[in-house]
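J.: Sharing a structure with you now.
Please treat every number below as a calculation from the coordinates, not as lab data. Note that the structure is a prediction, hence the values are computed from the model and not measured. All Cβ positions, glycine included, derive from the backbone under ideal geometry; neighbour counts span all protein chains shown.
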Amino acid sequence: MSLVQFLRILAARKAIILVTLLACFFAATVTVFLLPPRYEAHNRVRVDITKPDPLTGQMSQQMMNAYLGTQMNLITDVQTAGLVVDDLGWAVDPANQAAFEAAGRPGGDIRDWLAQRIVDNTKARFADSPNIMEISYRGTDPAQAQGLAQAIREAFLKLNREQRITTAQRSFAMFQEQAQRAQATLSTAEEQRTQFAKENGIVYQPGAVDLESAKLSALSSASTVPTPGQVVGAQGNSPVAMLKQQIAQAQETLGPNHPTMQALKRQLAAMEAQGGSRGSTVIGGTSRAEIESAYQAQKARVMAQADKMDRLNQMEADIAVKRDQYQKLAAKAAEMKSIAQASDTNMEPLGNTNLPDEPVWPNKPMIIAASIALGLVLGVLLALLVELFARRVRSEDDLEFATGAPVLAVVGQPRPETGLTSRILRLIDRRGARPDGSLAEA
């Protein structure tokens, strides 16, 4: 079928197309005015992404997109809508209960049913920037749409806040439990270190220096006095004074009958007994020979317990690591506790909920335009269907198409075609009439 044949069919069946077009147009027009108008109210929520989240820390862009997507889905979730139903008291409203029973939902949950109705009319999208979410609700009444949009935003912020508090409470409980275990481990390590030091007669001084090494250092300093015979003027810097100071420090942790305490006292008595003797070199009342002898003896004692000191230093390093772990866990638990007790959130309402003035549905111009297009398409299809069941020969082209043989001539004077449709067809038809009015051979 050529284009001219197709257009001839449409021209012949134009009444059908026109009737179908008008029917669709009037049906759409009536429907538009009968449909109840629907109003859309919307508001916005701003997400603060400029500072790290206290629960999750600094998030990458991919994690931030996933987080915002989750929050967007939470707005249109039954969980959020359920809070709206609870706040408005819809579940105990007799009208809603009657509608629920009429819907034929025996054994169902009226709260979930009402929440789903809210979700069906709720939409959420990003507006203007990725950290601003817009919440919209459609309803048949402008005031009701505004109230529900406001209730949805408040329920969403409340749910977000509760989830953050719940997460912080769980994190606090987890970190607190870990901190308690770390503290118990630290206490056990400190007790083992103390027991090891007592069993081996090691006295620790502030700065993690044992008493024997401190004595050796003091004797080493005293033995390096420059000129023989020079008397060190300050009596408080003599080995006797240092030994007395060490005994005073040891008394804070050791008993009077402890072997180490007894050895220190004997050493002090010996040094005081030899204080008046004369030597070739005198340093603070003690001869250089005596200091040198004491230094060598002390050095031998320190070397004898070197392996024990290495073990004790390892224990001390392990205690330092455990103490650092405990302090970090305790600080994290305190931070989670403060977050759980606070009501801060990284979301805040932005502006007020609008009161819609004009309905957003039905869109009368769009529906009427769509009905005209639909009526035109349906009319054309219906015209072709009628032509298929009642085929007519309207031109030599139709005759050729029907017989499958070429048309050699047309007998009779052709009817003049003066209409607009005929003129259009004559312009399109490449086998149009000659100037003398006769037709060309096929």
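J.: Note down the nm distance, to one decimal, between modelled labels 7 Å out along Cα→Cβ at residue 378 and at residue 132.
T.: 4.3 nm
J.: Continuing with the same structure: Less than 15 Å from a label point 7 Å out along the Cα-to-Cβ axis of residue 389: which backbone N atoms in the range 9-28 qualify, by residue?
T.: 16, by backbone N distance to the label point.
J.: Sticking with this one: How far is it, in nm, from the label point at residue 61 to the one at residue 34 when both lie 7 Å from their Cα along the line to the Cβ?
T.: The answer from the label model is 5.3 nm.
J.: Give, in nm to one decimal, the length gained when the segment between residue 144 and residue 93 is fully stretched (0.36 nm per residue of separation minus the Cα-Cα distance).
T.: Computed gain between residue 144 and residue 93 is 16.8 nm.
J.: Based on a Kirkwood Rh over C-alpha pairs, give the Stokes-Einstein translational diffusion coefficient of the range 65-194 at 25 °C and viscosity 0.890 mPa s in µm²/s.
T.: In µm²/s, the coefficient is 137.
J.: If each residue's Cβ is checked for other Cβ atoms within 10 Å, how do 240, 84 rank with the fewest at the top?
T.: So the residues, fewest neighbours to most, are 240, 84.
J.: Pulled fully out, how much extra length does the chain show between residue 352 and residue 314, if you take 0.36 nm times their separation in residues and subtract their Cα-Cα distance?
T.: 7.3 nm is the gain from fully extending residue 352 to residue 314.
J.: Further question on the same structure: Okay, which of the range 147-186 sit inside 13 Å, backbone N to the point 7 Å along the Cα-Cβ direction of residue 73?
T.: none
J.: Could you state the per residue volume, in Å³, of the convex hull enclosing the Cα atoms of the range 91-164?
T.: Taking the convex hull of the Cα positions in the range 91-164, it is 122 Å³ per residue.
J.: Can you list residues whose amide H is under 5 Å from residue 361's amide H, if they're 5+ apart or on another chain and H is modeled 1.01 Å from N?
T.: Amide H neighbours of residue 361, under 5 Å, 5+ apart: 38.
J.: At residue 167 and residue 335, where each label point lies 7 Å from the Cα along Cα→Cβ, what is the point-to-point distance in nanometres?
T.: So the label points at residue 167 and residue 335 sit 1.5 nm apart.
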